Amino acid sequence: DAGVIQSPRHEVTEMGQEVTLRCKPISGHDYLFWYRQTMMRGLELLIYFNNNVPIDDSGMPEDRFSAKMPNASFSTLKIQPSEPRDSAVYFCASRPGTSGTGELFFGEGSRLTVL
Amino acid sequence: GESVGLHLPTLSVQEGDNSIINCAYSNSASDYFIWYKQESGKGPQFIIDIRSNMDKRQGQRVTVLLNKTVKHLSLQIAATQPGDSAVYFCAETPGYALNFGKGTSLLVTP
């Protein structure tokens with residue numbers, strides 16, 4: 001299995017630009033999560049999906065952030081317009097629906113820098 | 001609100017020594033507690049978990065202890081190696097998502 005695949009690995013953009021981060025979960029996993037990691041706040045849950053349906057988006061910072069999961073093998077996290085304070089590493093993770101432990105499988109992350 | 005936190009932000013140990021990383025949690029409803037390791041430039045990797053009805057679980061060179069009385073979790077790494085240098089996170093499972101602590105950086109010196 002290739003694991004959770006995220007793209008791009010690095011993105012540098014200017015304030016005001018639209019940013020789209022992509023994620024391909026592990027095949028067969030029913031849950032997909034988007035986390036943001038910063039030095040100040042650590043790993044924060046932004047949103048998660050179950051069977052492509054958003055379940056909890058209470059961690060999404062504001063309306064500039066949106067996430068979609070059009071099918072079981074693809075999800076996007078979009079920031080429009082981006083701001084310097086959005087600079088962070090964004091992780092996608094997935095897990096099976098019947099996991100016995102709650103373990104999440106993480107991708108390698110997308111490092112976003114907004115100038 | 002409820003949160004997961006770590007006592008020590010950084011820990012430096014000599015190669016071959018044992019390491020102990022501590023974590024305090026506040027959500028007693030979690031079914032599992034999980035330790036993750038994150039190396040520089042990579043995503044968090046699962047190390048070991050413990051169910052809430054247990055107080056100790058051992059893996060390969062790692063042991064997790066859970067003290068529900070004081071809501072404390074620890075990760076013990078035996079014979080620490082240079083490859084153990086990373087940031088370690090504890091996480092609790094109040095639901096389907098994980099709630100992470102801020103992490104402890106472990107530095108293994110020769």
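The requirement of being out of contact with any Leu (no Cβ under 6 Å at 6 or more places or on another chain), assigned to a strand (DSSP E or B) and within 20 Å of A:GLU44 (Cα to Cα) is fulfilled nowhere in the range B:63-74; no residue meets it. Scanning the range B:75-110 for residues that are farther than 27 Å from A:ILE47 by Cβ and of a type in the set (D, E, K, R) yields a single hit, B:ASP84. Take B:GLY41 and decide whether it is farther than 14 Å from A:THR101 by Cβ, in a loop (DSSP other than H, G, I, E, B) and either touching a strand residue (DSSP E or B) at 6+ places or on another chain (Cβ under 9 Å) or acidic (Asp, Glu) (or both). When the stated conditions are applied, B:GLY41 passes them. Number of residues in the range A:55-107 that are away from every other protein chain (no Cβ under 13 Å), more than 13 Å from the chain's Cα centre (by Cα), in contact (Cβ under 8 Å) with a residue 40 or more places away in the chain and more than 16 Å from A:THR38 (Cβ to Cβ): the value is 4. In the range B:14-46, of all residues being within 10 Å of chain A (Cβ to nearest Cβ) and touching a Phe, Trp or Tyr at 6+ places or on another chain (Cβ under 8 Å), the one that is surrounded by the fewest Cβ atoms within 10 Å (Cβ to Cβ) corresponds to B:GLN45.
Counting the residues of the range B:64-110 that are out of contact with any Asp or Glu (no Cβ under 8 Å at 6 or more places or on another chain), away from chain A (no Cβ under 12 Å) and charged (D, E, K, R) gives 2. Of all residues in the range B:79-106 being touching a residue at least 60 places away in the same chain (Cβ under 8 Å) and surrounded by fewer than 15 Cβ atoms within 10 Å (Cβ to Cβ), which is farthest from A:GLN37 (Cα to Cα)? For the range B:79-106, the residue satisfying everything is B:ALA79. Please determine whether any residue of the range A:38-53 is surrounded by 15 or more Cβ atoms within 10 Å (Cβ to Cβ), within 12 Å of chain B (Cβ to nearest Cβ) and part of a loop (DSSP other than H, G, I, E, B). Looking through the range A:38-53, none of the residues is surrounded by 15 or more Cβ atoms within 10 Å (Cβ to Cβ), within 12 Å of chain B (Cβ to nearest Cβ) and part of a loop (DSSP other than H, G, I, E, B).
Throughout, read-outs are computed from the coordinates displayed, never taken from laboratory work. Values in this document were obtained by computation on a predicted structure and should not be read as measured data. Because the Cβ atoms are built from the backbone with ideal geometry, glycine has one as well, and the counts that use them run over all protein chains shown.
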